[in-house]
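Participant: Got a structure for you, questions after.
The values are calculated or read from the model by the stated rules, or taken from the named source; none is laboratory data. A quick note: this is a predicted structure, and the numbers were derived from the prediction, not measured. Methodologically, a virtual Cβ is constructed for each residue, glycine included, from the backbone with ideal geometry; neighbour enumeration extends over all protein chains shown.
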Amino acid sequence: MALEKVLPRVSGYNPEQVDALMDRIRRQYENPGSRIIIPSMLAAVRFDFSPGGYRIEQVDEAIAQVAEDFDKREIERRLERIGIQAMAREVKSQLKAINDRLSKPAGERFSPARNGYSGKVVNRLLSELLIEADQLKGPPTMDIRTRPLGTSRGGPSRLEVNEFLALVVGVIHRQQLIASK
């Protein structure tokens, strides 16, 4: 994918940093058995801003798509190693953890952070998650990965929210893989 740059007087993501990550991603695709990049690394990546850099939304979308692909590949490899019954048990345990978090009052689900996400936006996303008949239902995983969550002083911890949403995405992928078998 060719990434576009913004105008020279507009800030975008630092091209050298983005290119270095994209090079690592390319090497990972060329050697799928390696662990040069794992999905959790992609969730934590941050770039500096520079004039004339890469378009932020475009880079974020590309990274989310790569994370989606890598996550699915890891889950497929895990299913091959442990089998469908063990994966179904894992999903059941993970659904309990998700339900426990969703059952808490909105202001108690995550620790407050000095530079957190917007509580209203996070709660709106979490309200779209539903567990019915031992199945997690919610928005498409790419929507979960790419939805802007805003910022707020004292809002929910970004780290905790990101970890929780990674768990949600992983469960949805596991359910889809189990259903396809």
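Participant: Do any helices (runs of 4 or more DSSP H) lying entirely in region 35-142 carry at least 2 residues that are within 18 Å of Ala166 (Cα to Cα) and more than 18 Å from the chain's Cα centre (by Cα), and which ones are they?
Facilitator: 56-82, 84-103
Participant: While we're looking at this one, here's another question. Select from region 149-181 the residues that are under 18 Å from Val66 (Cα atoms) and part of a loop (DSSP other than H, G, I, E, B) and list them in ascending order.
Facilitator: none
Participant: Among the residues of region 88-144, which ones are in contact with an Asp or Glu (Cβ under 8 Å, 6 or more places away or on another chain) and among the polar types (S, T, N, Q)?
Facilitator: Within region 88-144, Ser111, Thr141 meet the criteria.
Participant: Could I ask something else about it? Exactly one condition in (1) more than 13 Å from Val171 (Cα to Cα); (2) touching a helix residue (DSSP H, G or I) at 6+ places or on another chain (Cβ under 9 Å) is false for Glu90; which is it?
Facilitator: (1)
Participant: Which residue, of Arg101, Arg26, is touching a Leu at 6+ places or on another chain (Cβ under 9 Å) and either of a type in the set (D, E, K, R) or under 30 Å from Lys137 (Cβ atoms) (or both)?
Facilitator: Exactly one of Arg101, Arg26 is touching a Leu at 6+ places or on another chain (Cβ under 9 Å) and either of a type in the set (D, E, K, R) or under 30 Å from Lys137 (Cβ atoms) (or both), namely Arg101.
Participant: What residue, among those in region 136-166 that are surrounded by fewer than 19 Cβ atoms within 10 Å (Cβ to Cβ) and among the charged types (D, E, K, R), is farthest from Pro112 (Cα to Cα)?
Facilitator: Going through the qualifying residues, I end up with Lys137.
Participant: Looking for whichever is hydrophobic (A, V, I, L, M, F, W, C), under 18 Å from Ala179 (Cβ atoms) and touching a helix residue (DSSP H, G or I) at 6+ places or on another chain (Cβ under 8 Å) here; the options are Leu136, Leu125. Which one fits?
Facilitator: The conditions single out Leu136.
Participant: Of these, Val122, Val169, which one is out of contact with any Gly (no Cβ under 9 Å at 6 or more places or on another chain), aliphatic (A, V, I, L, M) and crowded, with 17+ Cβ neighbours inside 10 Å?
Facilitator: So the residue among Val122, Val169 that is out of contact with any Gly (no Cβ under 9 Å at 6 or more places or on another chain), aliphatic (A, V, I, L, M) and crowded, with 17+ Cβ neighbours inside 10 Å is Val169.
Participant: In region 26-40, is there at least one residue being crowded, with 17+ Cβ neighbours inside 10 Å and within 23 Å of Val168 (Cα to Cα)?
Facilitator: Yes, that holds for at least one residue.
Participant: Turning to a different aspect of this structure: For residues in region 14-25 being of a type in the set (A, V, I, L, M, F, W, C) and surrounded by 15 or more Cβ atoms within 10 Å (Cβ to Cβ), which is farthest from Glu76 (Cα to Cα)?
Facilitator: Looking at the filtered set, the residue picked out is Val18.
Participant: Is there any pair linking a residue in region 43-54 that is at positive phi to one that is of a type outside the set (Val, Ile, Thr), with Cβ under 6 Å and at least six apart or on different chains, and which?
Facilitator: Gly52/Lys5; Gly52/Pro8
Participant: Shifting gears a bit: Only one of these conditions is not met by Pro105: (1) closer than 21 Å to Ile131 by Cα; (2) surrounded by 14 or more Cβ atoms within 10 Å (Cβ to Cβ). Which number is it?
Facilitator: (2)
Participant: Quick check on my filter: what residues within region 1-44 are of a type in the set (Val, Ile, Thr) and at pLDDT below 90?
Facilitator: Ile36, Ile37, Ile38
Participant: Any idea which of Arg73, Arg55 is touching a Leu at 6+ places or on another chain (Cβ under 8 Å), of a type in the set (Lys, Arg) and surrounded by 12 or more Cβ atoms within 10 Å (Cβ to Cβ)?
Facilitator: Just a single option satisfies the conditions, and that option is Arg55.
Participant: Glu57 versus (1) out of contact with any helix residue (DSSP H, G or I) (no Cβ under 8 Å at 6 or more places or on another chain); (2) farther than 26 Å from Ser127 by Cβ: which is the lone unmet condition?
Facilitator: (2)
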